[in-house]
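Asks: Encoded as structure tokens, here's the structure I'll be asking about.
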Amino acid sequence: MKLARDTWIIFARQLGLLVRQPVWIFVGVFQPVMYLLLFAPLLKSALAPMGATTDEATYRIFVPGLLVLLAIFGGLFQGFGLIAELRAGVLERSRVTPISRLALLLGRSLRDVVSLIAQAVIITLLALVFGLRVQLGYLLLAYMMLALIALMTSAVSYGVALKVKSEDALAPLMNTVAQPVLLLSGILLPLLLAPAWLRTVAKWNPFSWAVDGTRALFAGDLSNDKVWQGLAITGLLAILSVIWAARQFARSIR
Amino acid sequence: MIIETKGLRKSFRSRDGKDKAKVDAVRGVDLEVAEGEIFGFIGPNGAGKTTTLRMLATLMTPDGGSATVAGVDLRTQPGDVRRRIGYVAQGGSTWDESTAREELVLQGRMYGLSRSVSQQRATAALDAFQLTEYADRKCKTYSGGQRRRVDIALGIIHQPKVVFLDEPTSGLDPQSRAHMWDEIRRLRSEGMTVFLTTHYLDEADVLCDRISIMDHGQVVAEGTPDELKHEISGDVVFVGLGSGTPDPALAADAAKLLDREPFVHRLEVAQEGGLRLFVTDGGTAIPLILRALDGAGIALRTIELHRPSLDDVFLTKTGRSLRES
């Protein structure tokens, strides 16, 4: 009960500050929209061997990957805001109060989830204009997957931010993590096109399961095992990340 | 006693270079702070003041020793300590894009107050700290003094018994400093115990009821400012030598000469090119000093007589001046 109340206090504060500058939501959407406009049309012929002969089929493969990409990157870079708060003394001010340490993390990460879903909705709507078709129920399940990914990556980013305490260290660290994750998840192009060894390596990348699951949902293929496997893997990792990051919030910060 | 510590210790591992050196920041601090007083912690940077303060405010776990704060054991019930104390950090605590009112309401909420009580307290605090005029402007538009007042208001929004202020006046202009002293006295008149750190000796002298001098992680003296100054019996005579530029050889000669005189209890070579002599009675010592220096042909630039200051106390206790460290 106290946790829910405390989380709400932090969430409301963080969301309030975000809404005050909504331009950031659109800045976050800008890059994926560019991919949608300028990169997706190239894919139609590249994806033809996979049976993507129409715009609709192309977007069904591409848009889920794009959304997962947004969730990963959007989450991983949230730590920057926390370092600014750390520097301003806001975090220390919170830590002398009896507020739950888990709430300090969850309030922030849930704000990130909400902002990600808002961006995902914008991109989905645009893709619908271009010809994407997807069933609402499956779309909501796909958003669930995105929410879990954003929860995980933002928690990891906050935890790492509290450990390194400097933007200069956080930026290269997050980029170093994000790039192989991105390449090994079949986000931009499905790994079906990859040689066998690359596919074997990618099996160890949890985000590759998440991408496959999200694609299956967009395709309306609920019976595909990748759906529950993707949800289970991201869910588990989200819980572990939250536990680890909350411990960083509870530890003393010099 | 509202705060009582026994043998409080904390060390850090410094990560400079390959060797992991252990730095003993606080090495066994015993403190007693009475309810309703302004207690000052003075000492140079790196003396361990902030570390002690952060331990007492539950932001750091002590490595050893024990402490009770506001009647609660610090190590076993840090959560209860948090409810009873306020803490205001040195580097500020407000977010540029928020307003003072928002910050105050949030802080009240984080202390567990309901929304309406938080709002009432915020309005009252804005009024008390003369911030009402700026209450709904973003914090980034505030002056240093206004911002510091918001910080203090945030620290006491839950009406704690004890409030810890880390360097509350550092970086403020003289007028804002005087204003801040009034605010701190007001907190005391409202029944709060104020525990502050400072490296301004004049501030400790005029503001604090009792002070503790800390150096190298240990308390080297404790008492009221007057007690501490009286501990150094007698007067301090400053003798300026030479033409103004410090001349170590000349100072050493004069020191050797005067050290032999029975009326000089102790002397220090001062950085500003001269000697500081601790004597029983300055009035009778001055002619003797003049005669001794004249006899040896050492040129005298100035001679000053003053009552011991807290800096002299610091010098006596630690062997160096606080201004130099």
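The values are calculated or read from the model by the stated rules, or taken from the named source; none is laboratory data. Values in this document were obtained by computation on a predicted structure and should not be read as measured data. Backbone-built Cβ (ideal geometry, glycine too); neighbour counts: all protein chains shown.
Asks: May I ask you to verify whether A:Ala40 is in contact (Cβ under 8 Å) with a residue 12 or more places away in the chain, among the aliphatic types (A, V, I, L, M), more than 14 Å from chain B (Cβ to nearest Cβ) and within 18 Å of A:Ile117 (Cα to Cα)?
Replies: It is false that A:Ala40 is in contact (Cβ under 8 Å) with a residue 12 or more places away in the chain, among the aliphatic types (A, V, I, L, M), more than 14 Å from chain B (Cβ to nearest Cβ) and within 18 Å of A:Ile117 (Cα to Cα).
Asks: Can you name the residue in region A:96-128 that is surrounded by fewer than 21 Cβ atoms within 10 Å (Cβ to Cβ), over 16 Å from the mean Cα position of the chain (by Cα) and assigned to a helix (DSSP H, G or I) and is also farthest from the other protein chains (Cβ to nearest Cβ) among such residues?
Replies: Looking at residues that are surrounded by fewer than 21 Cβ atoms within 10 Å (Cβ to Cβ), over 16 Å from the mean Cα position of the chain (by Cα) and assigned to a helix (DSSP H, G or I), I get A:Leu128.
Asks: Examine region A:64-83 for a residue that is over 19 Å from the mean Cα position of the chain (by Cα) and at pLDDT 90 or above, and state whether such a residue exists.
Replies: Yes, that holds for at least one residue.
Asks: Yes or no: B:Asp80 under 23 Å from the mean Cα position of the chain (by Cα), part of a helix (DSSP H, G or I) and either within 14 Å of chain A (Cβ to nearest Cβ) or more than 30 Å from B:Leu8 (Cβ to Cβ) (or both)?
Replies: In short, no.
Asks: With the structure loaded, tell me whether B:Val69 is surrounded by 21 or more Cβ atoms within 10 Å (Cβ to Cβ) and either closer than 19 Å to B:Thr50 by Cα or among the basic types (Lys, Arg) (or both) or whether it fails that test.
Replies: So B:Val69 passes the test.
Asks: Using the structure shown, decide if B:Gly297 is outside the structural domain of B:Val29 (by TED's automatic domain parsing) and in contact with a Leu (Cβ under 9 Å, 6 or more places away or on another chain).
Replies: Judged against the criteria, B:Gly297 is not a match.
Asks: While we're here: Going residue by residue through region B:214-225, is there one that turns out to be under 24 Å from B:Glu37 (Cβ atoms), in the same structural domain as B:Ile42 (by TED's automatic domain parsing) and part of a helix (DSSP H, G or I)?
Replies: Yes; the residues of region B:214-225 include at least one that is under 24 Å from B:Glu37 (Cβ atoms), in the same structural domain as B:Ile42 (by TED's automatic domain parsing) and part of a helix (DSSP H, G or I).
Asks: Quick one: how many residues across region B:258-268 are within 19 Å of B:Gly297 (Cα to Cα) and buried (at least 16 other Cβ atoms within 10 Å of the Cβ)?
Replies: 1
Asks: Could you list all residues from region B:10-37 that are among the polar types (S, T, N, Q) and at pLDDT 85 or above?
Replies: Hit for region B:10-37 is B:Ser11, nothing else.
Asks: Related question: Taking the conditions exactly as written (more than 14 Å from chain B (Cβ to nearest Cβ), without any contact (Cβ under 8 Å) to a residue 40 or more places away in the chain and over 21 Å from A:Gln119 (Cβ atoms)), does A:Ala46 satisfy them or not?
Replies: Answer is no for this residue.
Asks: Residues B:Gly86, B:Gly46, B:Gly36, B:Gly40: which one is part of a strand (DSSP E or B), more than 11 Å from chain A (Cβ to nearest Cβ) and either touching a helix residue (DSSP H, G or I) at 6+ places or on another chain (Cβ under 7 Å) or of a type outside the set (Asp, Glu) (or both)?
Replies: B:Gly40
Asks: Counting only residues that are more than 9 Å from chain A (Cβ to nearest Cβ) and in a loop (DSSP other than H, G, I, E, B), which one in region B:49-66 is surrounded by the most Cβ atoms within 10 Å (Cβ to Cβ)?
Replies: The extreme case among them is B:Pro62.
Asks: Moving on to the next point. Out of B:Leu241, B:Leu196, I need the residue that is buried (at least 19 other Cβ atoms within 10 Å of the Cβ) and more than 13 Å from B:Ile42 (Cβ to Cβ). Which one?
Replies: B:Leu241 is the lone residue from the list that is buried (at least 19 other Cβ atoms within 10 Å of the Cβ) and more than 13 Å from B:Ile42 (Cβ to Cβ).
Asks: What are the pairs, 6+ residues apart or on separate chains, where a residue within region A:78-99 that is touching a residue at least 12 places away in the same chain (Cβ under 8 Å) has its Cβ under 6 Å from a residue that is among the acidic types (Asp, Glu) and surrounded by fewer than 23 Cβ atoms within 10 Å (Cβ to Cβ)?
Replies: A:Phe80/A:Glu167; A:Ile83/A:Glu167; A:Leu91/A:Glu85
Asks: What is the residue count in region A:51-89 for residues that are crowded, with 23+ Cβ neighbours inside 10 Å, closer than 30 Å to B:Arg147 by Cα and of a type in the set (A, V, I, L, M, F, W, C)?
Replies: 1
Asks: Identify, please: which residue in region B:92-104 is assigned to a helix (DSSP H, G or I) and either in contact with a strand residue (DSSP E or B) (Cβ under 8 Å, 6 or more places away or on another chain) or surrounded by 22 or more Cβ atoms within 10 Å (Cβ to Cβ) (or both) and is, among those, farthest from the other protein chains (Cβ to nearest Cβ)?
Replies: B:Ala100
Asks: While we're looking at this one, here's another question. Consider B:Asp182 carefully, then state whether it is among the acidic types (Asp, Glu) and in contact (Cβ under 8 Å) with a residue 12 or more places away in the chain.
Replies: no
Asks: I'm trying to understand the selection: among the residues of region A:211-254, which are crowded, with 17+ Cβ neighbours inside 10 Å and under 16 Å from A:Arg101 (Cβ atoms)?
Replies: A:Ser241, A:Val242, A:Ala245, A:Ala246, A:Gln248, A:Phe249
Asks: Let me ask you something else. Condition first: surrounded by 14 or more Cβ atoms within 10 Å (Cβ to Cβ), facing chain B (nearest Cβ under 8 Å) and either over 16 Å from B:Glu102 (Cα atoms) or touching an Asp or Glu at 6+ places or on another chain (Cβ under 7 Å) (or both). Now tell me which residues in region A:7-20 satisfy that.
Replies: A:Leu17
Asks: Let me ask something additional. Being touching a strand residue (DSSP E or B) at 6+ places or on another chain (Cβ under 8 Å), farther than 25 Å from B:Lys317 by Cβ and of a type in the set (Val, Ile, Thr) is true for just one of B:Ile286, B:Ile211, B:Ile232. Which residue is that?
Replies: Testing whether each residue is touching a strand residue (DSSP E or B) at 6+ places or on another chain (Cβ under 8 Å), farther than 25 Å from B:Lys317 by Cβ and of a type in the set (Val, Ile, Thr) leaves just B:Ile286.
Asks: Separate question: Considering only region A:100-121, state which residues are among the aliphatic types (A, V, I, L, M), farther than 18 Å from A:Val242 by Cα and in contact (Cβ under 8 Å) with a residue 60 or more places away in the chain.
Replies: A:Ala118
Asks: Out of all the residues in region B:163-180, is one or more in contact with a Lys or Arg (Cβ under 7 Å, 6 or more places away or on another chain), more than 14 Å from chain A (Cβ to nearest Cβ) and closer than 26 Å to B:Val269 by Cα?
Replies: No - not one qualifying residue is present in region B:163-180.
Asks: Name the one entry in B:Gly40, B:Gly7 that is at pLDDT 90 or above and exposed (fewer than 15 other Cβ atoms within 10 Å of the Cβ).
Replies: B:Gly7
Asks: Taking helices (runs of 4 or more DSSP H) that fall entirely within region B:227-325, which contain at least 1 residues that are within 20 Å of B:Tyr200 (Cβ to Cβ)?
Replies: B:310-318
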